[in-house]
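Asks: Sharing a structure below in C-alpha cells format, with a few things to ask.
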C-alpha cells in the first residue's frame, strides 16, 4: 500500500564555483522555507572529472526525491529514488561552440557529452531554466517532456534603494558583471569603452582583479560579495551585458530587480528576461556601434531610463518570483515521490 509523504529532497552536488552552486543553494533554502526537508551533499570539484577518486555519499533515509545537475556522474546517483535533472545551459548547443576553447571543446565532447545525454534521457524529470535551453535540450536528447522553470530573484534583497546615488563624477555609470571569458564578452570591453568615449563610466565585477590590463574608462572590481554586488547594481545608471550566449540571463534579472534598465546583445534566452523597449534595449551580437548608440540614447533620456527600471522591477518580482519557481519544483517532486515500501537505498 502506498504511503503518502511530503517531498524530501536530497541534492548531491559538485562544488564547482559557478552559478549552478548558487542555484542549488537557493533552491534548497527555498524548499526549507516551505517547511520541506532538503539537504545538499557537496562533493569536491574533482568528482566531475575524476569521479572514482571520490566516495559516493549514501542517500539519507529520509529522502524520497533526488535533484542533480546534468553533469553529475552516474556514480553519485542513488539507486531506487527518482532523479530530477536541471539543465542551466547546454554546452553542446552549436551556438555555444564559438565561445569555447579547444581544451573546453575536447572536455565537453570526450567526457561530458555522453554523461549529459544519458542523464537527460534517464532522469525521471528534466527541467530547464528557459524556453531557449529547453529547445536545445530537446534537439540534443530527443526528449519531449521537459519543464521550463525560470530562475528567480530575491526581490527583498535585490531591490532599489533611493538613498543610493549613481556616478559621482557626473558621467553615466554602467555596471557589468560576469566572468572574464569570451562568452561573456570580456574581449570586447576595451573596444566598447572606446566606442562610448567621455561621459561614461564602466565598472566591471568578475574574475580576479590582479593582473588585468587597465582599460581607460573601466574600473575592475574583481570578485565581489553579494552585498557588494547589490551596492553596485543600486549605484549604477544601467547594467550592460556583453555576453554572446546566455542560457538564462541572471545578471539582467538581478539588475531589473534593483530597478535598473538593461542594455546588451540579443542572445540565447536574454530576451526571455529583458523585454526590448520596455525593461531595456538590445541589439545584435558584437554590434558595438549599435550598443554605443543605445547607451547614449539611454544616457540622454533620464525619464526613459527610469521607466525601464520601474518596469523591470515589476517584471522581476512577478514573472521571476521565487514563489513561482518553488511551486513548480514542488509539483515535479510530488509527482515523483516513491512509497516507503518501494524505497531502495544505496549508490551505484
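The values are calculated or read from the model by the stated rules, or taken from the named source; none is laboratory data. What you see is a predicted model; the values in this text were computed from it and never measured. Every residue, glycine among them, receives a Cβ derived from its backbone with ideal geometry; neighbour counts consider all protein chains shown.
Asks: From 311, 290, 252, which residue is in the same structural domain as residue 187 (by TED's automatic domain parsing), surrounded by 21 or more Cβ atoms within 10 Å (Cβ to Cβ) and either out of contact with any helix residue (DSSP H, G or I) (no Cβ under 6 Å at 6 or more places or on another chain) or under 28 Å from residue 28 (Cβ atoms) (or both)?
Replies: 252
Asks: Here are some residues: 66, 84. Which one is out of contact with any helix residue (DSSP H, G or I) (no Cβ under 9 Å at 6 or more places or on another chain), part of a strand (DSSP E or B) and more than 17 Å from residue 111 (Cα to Cα)?
Replies: On the way: 84 fails: out of contact with any helix residue (DSSP H, G or I) (no Cβ under 9 Å at 6 or more places or on another chain).
Going through 66, 84 in turn, the sole match is 66.
Asks: Starting from residues that are in contact (Cβ under 8 Å) with a residue 24 or more places away in the chain and assigned to a loop (DSSP other than H, G, I, E, B), keep the ones in the stretch 225-241 and report whichever is surrounded by the fewest Cβ atoms within 10 Å (Cβ to Cβ).
Replies: 237
Asks: Being touching a residue at least 40 places away in the same chain (Cβ under 8 Å) and in a helix (DSSP H, G or I) is the filter here; which residues of the stretch 1-32 pass it?
Replies: Selection gives 19, 20, 23, 24, 26, 27, 30, 31.
Asks: So how many residues does the stretch 329-339 have that are modelled with pLDDT of 95 or more and either outside any helix (DSSP H, G or I) or in contact with a strand residue (DSSP E or B) (Cβ under 7 Å, 6 or more places away or on another chain) (or both)?
Replies: Total meeting the criteria: 2.
Asks: Could you check residue 221 against (1) under 22 Å from residue 193 (Cβ atoms); (2) touching a strand residue (DSSP E or B) at 6+ places or on another chain (Cβ under 6 Å); (3) in contact (Cβ under 8 Å) with a residue 24 or more places away in the chain and say which number it fails?
Replies: Among (1) under 22 Å from residue 193 (Cβ atoms); (2) touching a strand residue (DSSP E or B) at 6+ places or on another chain (Cβ under 6 Å); (3) in contact (Cβ under 8 Å) with a residue 24 or more places away in the chain, the lone unmet condition for residue 221 is (3).
Asks: Taking the stated definitions as given, is residue 125 buried (at least 16 other Cβ atoms within 10 Å of the Cβ) and over 30 Å from residue 218 (Cα atoms)? It would help to see each step written out before you state the result.
Replies: Values: buried (at least 16 other Cβ atoms within 10 Å of the Cβ): yes; over 30 Å from residue 218 (Cα atoms): yes.
Yes.
Asks: Would you call residue 55 outside any helix (DSSP H, G or I) and free of Cβ contacts under 8 Å to residues at least 12 places away in the same chain? Give the steps one after another, and end with the answer.
Replies: On the way: outside any helix (DSSP H, G or I): yes; free of Cβ contacts under 8 Å to residues at least 12 places away in the same chain: yes.
Criteria met by residue 55.
Asks: Output yes when any residue across the stretch 87-103 is touching a strand residue (DSSP E or B) at 6+ places or on another chain (Cβ under 8 Å), closer than 19 Å to residue 20 by Cα and either touching a residue at least 12 places away in the same chain (Cβ under 8 Å) or not in a loop (DSSP other than H, G, I, E, B) (or both), and no when none is.
Replies: Scanning the stretch 87-103, I find at least one residue that is touching a strand residue (DSSP E or B) at 6+ places or on another chain (Cβ under 8 Å), closer than 19 Å to residue 20 by Cα and either touching a residue at least 12 places away in the same chain (Cβ under 8 Å) or not in a loop (DSSP other than H, G, I, E, B) (or both), so the answer is yes.
Asks: With the requirement that a residue be under 24 Å from the mean Cα position of the chain (by Cα) and without any contact (Cβ under 8 Å) to a residue 12 or more places away in the chain, what does the stretch 275-308 give you?
Replies: Within the stretch 275-308, 276, 277 meet the criteria.
Asks: When you scan the stretch 143-154, do you find a residue that is more than 29 Å from residue 228 (Cα to Cα), touching a strand residue (DSSP E or B) at 6+ places or on another chain (Cβ under 7 Å) and in a strand (DSSP E or B), even just one? Reasoning before the result, please.
Replies: Taking the stretch 143-154 and keeping what is more than 29 Å from residue 228 (Cα to Cα), we get 143-148.
Checking the rest, the ones that are also touching a strand residue (DSSP E or B) at 6+ places or on another chain (Cβ under 7 Å) come to 143, 146-148.
Now narrow it down to the ones that are in a strand (DSSP E or B): 147-148.
Checked against the condition, which is being more than 29 Å from residue 228 (Cα to Cα), touching a strand residue (DSSP E or B) at 6+ places or on another chain (Cβ under 7 Å) and in a strand (DSSP E or B), the stretch 143-154 yields at least one hit.
Asks: Out of 73, 82, I need the residue that is touching a strand residue (DSSP E or B) at 6+ places or on another chain (Cβ under 8 Å) and surrounded by 18 or more Cβ atoms within 10 Å (Cβ to Cβ). Which one?
Replies: Exactly one of 73, 82 is touching a strand residue (DSSP E or B) at 6+ places or on another chain (Cβ under 8 Å) and surrounded by 18 or more Cβ atoms within 10 Å (Cβ to Cβ), namely 82.
Asks: May I pose another question? Which pairs turn up if I take residues in the stretch 130-143 that are more than 27 Å from residue 252 (Cα to Cα) and look for partners that are part of a loop (DSSP other than H, G, I, E, B) with beta carbon separation below 9 Å, at least 6 apart in sequence or on another chain?
Replies: As it stands, the answer is 143/123, since those pairs meet every condition given.
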